[in-house]
Each structure stands twice: as C-alpha cells, then as structure tokens.
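One structure is given here, and the rest of the page talks about it.
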Amino acid sequence: MRDFTCPNCGQRLAFENSVCLNCGSALGFSLDDMALLVIAPPAESEHAGAVDETRFQLCANLHLAECNWLVEKGPIAKLCVSCALTRTRPNDADTIALAAFAAAEKAKRRLIAELHELKLPIVGRDMDPQFGLAFDLLSSQFEKVFTGHDNGIITLDLAEGDDVHREQLRISMDEPYRTLLGHFRHEIGHYYQYRLIGTSEAYLQGYRELFGDPDADYQEALDRHYSQGAPVGWEADYVSSYATMHPAEDWAETFAHYLHIRDTLDTAAAFGLAPAAATFDRRALGPSGFDTMIEMWLPLAWSLNMVNRSMGKEDIYPFVLPAPVLEKMRFIHTVIDEITSSPAKLAEVGAPMEDQNQQLS
C-alpha cells in the first residue's frame, strides 16, 4: 500500500481517509490513480490531485461501509468497484452485523486495490453470471455461516470481525495467524485457481506437479484432515497445516501468502523500509524476479518480527518458508507475471468461464 499524502497541503494520509485532518479537504480514493484525490469545486479541480465535485462523489456506502472510494455522479447513488462486488449484506436492522460488515468491507478494499496493482482480472457476476466474483458477507448470529468459496462466490462469516471470537478460533484451530484480510486473500486464491490455471494445460500440469490433483475428492480430504490432522513433518513442504488438506487449499494458502508478501513489501518500500524495487511500480523482470522479491522479503519479515517483539507483541509474520513452499510460490508468481504481461492471455482469463471452457475443449 502506498504512502498517501493530501494533494492540497501535503499531510500524510491513511488509505481509509475521506477528509484531510490538517486542511479539511474532502478526499476520495481513485483506484485508477492509486491515490487519494481532493474533491473540489470546478474552478479548483483543474489542479493536479483534484476532481470536480460536480462530476464525482464518494461511494454510496460511505456511511454503511465507511467507504471512501470515488464514483461518478449520477441520478442514482452508485457503489464503487469494491462495494459493487458484494452480493449480500446484513439487513439494516442488524446493527451489530453492520458494524462487522464495515470492517469486512475495509479489508476487502485492500484486497481489491492489491489485485488491481497486480493487474489481475476482476470479473464480476455481471460479466460472468456463472463463475464471476461476488461476495456474500453474512452474520452467523442467527444462522450458520461457513466462510468459503463456491464458483466465484466468496462467503465470509462476519463474526470473524470480532477480535475475541477470531482469536478464540485461531487458538482452538492452532493457527499462528488469522485476520479478515487473510480470509479474503485465501478465498480469492480459490477464485484465481480456476480462472488462471484453467486457461492453460501447461499451467495445469505445473499445478499437478507442485500441488497435486485438483480433482481429488474434497469431502474425503476434509473429513481426513479434521479426523487425523496434518501429517507429521508437514512443515517441510507446506506453508500451513491447513494447506495439507487438499491441493486446492495448498494453492489458496500459498496464494494468500504471496499477496501478504507483495503488499507488505510494497508498503515497506513506500516508507523507505525496503528497496524501491519492492514496489509494484518497479516490476521485477525475468526469471530472477521472484528470487529478488524473496531476497528482500526474508530480512524484512525478520526485522518486523523483532520490532513486534520489542513492543511485547507476537511475530507479525509467524511463518517459515521452506524450499518446496517457495517453489509453489514461484509458480504462482510466474503464472501471474506471464498472464498479466500478455494482452491475449489477460483477455482470455477475463472472459466468461463458459467461453473459456469452449476454447479449451
């Protein structure tokens, strides 16, 4: 994430700001510019870093989801790119769930911004009714809700927004890390497995060699994992115990860690804590690109962990990345790099899945 500043006065800003606390300027986030822009009267909107208040306003979810993203004005209040992907939310009377909904949307906006930076196609249900991306953000207070992914639909139990509940689950499941953003990054990994890997037999072959058979019986794997647990010595080949359950979960867990690393490196570089080459703006080219990224990540993660310990906190990145995990992550990096570098491949993965299936057959 970038180091944002107010275009009007230069005050440092956070990604979530909608008002500059120094000069009082109204602000909105532009995904295309990856910047916070001042919402100004027409006479002042010609300045760099400003938009015309007669043409742009904040997302219709400004209050409900605390969304500060810009949208074009129209006769009907519009949702931003991120909020429009949410298919289902709690009803207006459920004030507890709505508070958790705002926290979930906040995490989701970070996810969408990173996917945009990576140039990954975000194909919604409007473009691909069968397999497009959509989010159901639901409360489990009165009914069971299972966080997961199903053909592009990502469901999140909003109880995960409660720190106590989430920490209890983390401890009971013996997890070193559990966050809302982590959930989103894991579930989006499932979405990109079929959208990226399904476009190429070569990618599918590489997937099988590293992760296993994507068509292995999922329910059988699920039952085995929760009855027997992770196999002894799993740490040598997997990024987490949950990744051992099924090839699809191994991919999703590894994909989530790739997103963790890329975004944290980008943020660290923006604040001078990592080399400038770590930012999304400075693309690491060629086969050595992934190695360069990991060479920057390992000392950064170690130093951040030590800083956290100095504050009496747990490690910020409590994971070890053995060689087999790095090879899996390298594969993900290569697939993303090759697809996003090719207009033809990018158009293919951005097409409705039924069209892609016809092409592959």
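Among the residues of segment 259-268, those identified as within 10 Å of the chain's Cα centre (by Cα) and not hydrophobic (A, V, I, L, M, F, W, C) are His260, Asp263.
Identify the residue in segment 8-32 that is more than 24 Å from Ile122 (Cα to Cα) and touching a Phe, Trp or Tyr at 6+ places or on another chain (Cβ under 8 Å) and, among all such residues, is surrounded by the fewest Cβ atoms within 10 Å (Cβ to Cβ).
Among those that are more than 24 Å from Ile122 (Cα to Cα) and touching a Phe, Trp or Tyr at 6+ places or on another chain (Cβ under 8 Å), it is Ala14.
Return yes when Arg110 is of a type in the set (Lys, Arg) and over 30 Å from Ser341 (Cβ atoms) and no when it is not. Against the criterion (of a type in the set (Lys, Arg) and over 30 Å from Ser341 (Cβ atoms)), Arg110 does not qualify. Has segment 306-316 got at least one residue that is part of a helix (DSSP H, G or I) and within 19 Å of the chain's Cα centre (by Cα)? No, there is no match, as no residue in segment 306-316 is part of a helix (DSSP H, G or I) and within 19 Å of the chain's Cα centre (by Cα). Across segment 347-359, the qualifying residues are those that are surrounded by fewer than 16 Cβ atoms within 10 Å (Cβ to Cβ) and modelled with pLDDT of 50 or more, and the one among them that is nearest to Gly132 (Cα to Cα) is Pro352. Has segment 100-118 got any residue that is surrounded by fewer than 21 Cβ atoms within 10 Å (Cβ to Cβ) and farther than 21 Å from Arg185 by Cβ? Scanning segment 100-118, I find no residue that is surrounded by fewer than 21 Cβ atoms within 10 Å (Cβ to Cβ) and farther than 21 Å from Arg185 by Cβ, so the answer is no.
A residue that is among the small types (Gly, Ala, Ser), out of contact with any Pro (no Cβ under 9 Å at 6 or more places or on another chain) and assigned by the TED database to the domain that holds Asp337 occurs somewhere in segment 89-100. Screening Glu167, Glu175 for residues that are modelled with pLDDT under 90 and assigned to a loop (DSSP other than H, G, I, E, B) leaves exactly one candidate, Glu175. Scanning segment 262-319 for residues that are surrounded by fewer than 13 Cβ atoms within 10 Å (Cβ to Cβ) and aromatic (Phe, Trp, Tyr) yields a total of 2. Against the numbered list (1) at pLDDT 95 or above; (2) over 21 Å from Ala256 (Cα atoms), Ile112 comes up short only at (2).
Do we find a residue being in a helix (DSSP H, G or I), hydroxyl-bearing (Ser, Thr, Tyr) and surrounded by 15 or more Cβ atoms within 10 Å (Cβ to Cβ) anywhere in segment 186-193? Within segment 186-193 (the criterion being in a helix (DSSP H, G or I), hydroxyl-bearing (Ser, Thr, Tyr) and surrounded by 15 or more Cβ atoms within 10 Å (Cβ to Cβ)), the answer is yes, since at least one residue qualifies. Has segment 131-145 got at least one residue that is of a type in the set (Gly, Ala, Ser), modelled with pLDDT under 95 and farther than 20 Å from Leu31 by Cβ? Looking through segment 131-145, at least one residue is of a type in the set (Gly, Ala, Ser), modelled with pLDDT under 95 and farther than 20 Å from Leu31 by Cβ.
The values are calculated or read from the model by the stated rules, or taken from the named source; none is laboratory data. None of these values were measured; they are calculated from a predicted model. For neighbour counting, all protein chains shown are included, and Cβ atoms are generated from backbone atoms with ideal geometry for every residue, glycine included.
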